[in-house]
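Inspection log for the structure reproduced underneath, given as structure tokens.
The values are calculated or read from the model by the stated rules, or taken from the named source; none is laboratory data. The structure displayed is predicted, hence computed values, not measured ones. All Cβ positions, even for glycine, are placed from backbone atoms using ideal geometry, and neighbour counts span all protein chains on display.
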Amino acid sequence: MNRCPWCTCNDKMTRYHDEEWGVPLHDDQKQFEFLMMEVMQCGLNWNMMIQKREIFRTCFDNFDFDKVAEYSEDDIDRIMNTEGMIRSRRKIEAVIHNARCFQKIREEFGSFSKYIWNFTKGKTYLYAGHQKGEIPARNGLSDKVSGDLKKRGMKYMGSVTVYSHLQACGIINDHLESCFRYAELVGISDAVPAPWDLMPGGPDSALERGS
């Protein structure tokens, strides 16, 4: 069975790839979990995040954003002193801050999932060349989403971080065409070719970079 090469380093990464990565996600608590794991990953690597996932869940009440939004200084100290936790106070504070921003987005749009899927009108985007391994670190779509999340106050939401999240939650299907999950996910999603203006170098991308 063929898989994307990045997931073959250990069993947890393989399970994540086979069962979660790229599956269209419409559950807000899982959206928050994936997005905040991206925050914790900044400067590190995804394998470490998957290995520490249960520690994150313990620290952040299974990523219940309503509970996290109420965290106090005592909670920050508790998290900082949790064995195996990434001890970055700035990132922990960012997760708490982002939970409050997440709540505001939900209040405005009804759900975070509705908000973020609206950028593609509910479609999963397939980018020409990506299924052959020509995958960028960011593109016009991630620039656009990143810019909007930052305007809404969310932290650690650079375009590279957002692109990874769009892959994870199925808004972009970046499985290789040779991977068994590519066709499976095309079959269960409303997948369409990505518009040319949201390709790398398209006008939206240029606009977000200030070009």
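Looking only at the stretch 34-52, residues that are within 19 Å of R15 (Cα to Cα) and assigned to a loop (DSSP other than H, G, I, E, B) come to 2 in all. List pairs: first residue in the stretch 72-84 and farther than 17 Å from R100 by Cβ, second residue part of a helix (DSSP H, G or I) and modelled with pLDDT of 95 or more anywhere in the structure, Cβ distance under 6 angstrom, at least six positions apart or on different chains. Listed by first residue and then by second, the contacts come to T82/C59; G84/I55. Scanning the stretch 1-13 for residues that are within 12 Å of C179 (Cα to Cα) and part of a helix (DSSP H, G or I) gives P5, W6, C7. Of the set (1) within 25 Å of K123 (Cβ to Cβ); (2) over 18 Å from the mean Cα position of the chain (by Cα); (3) not small (G, A, S), all apply to D27 but (2).
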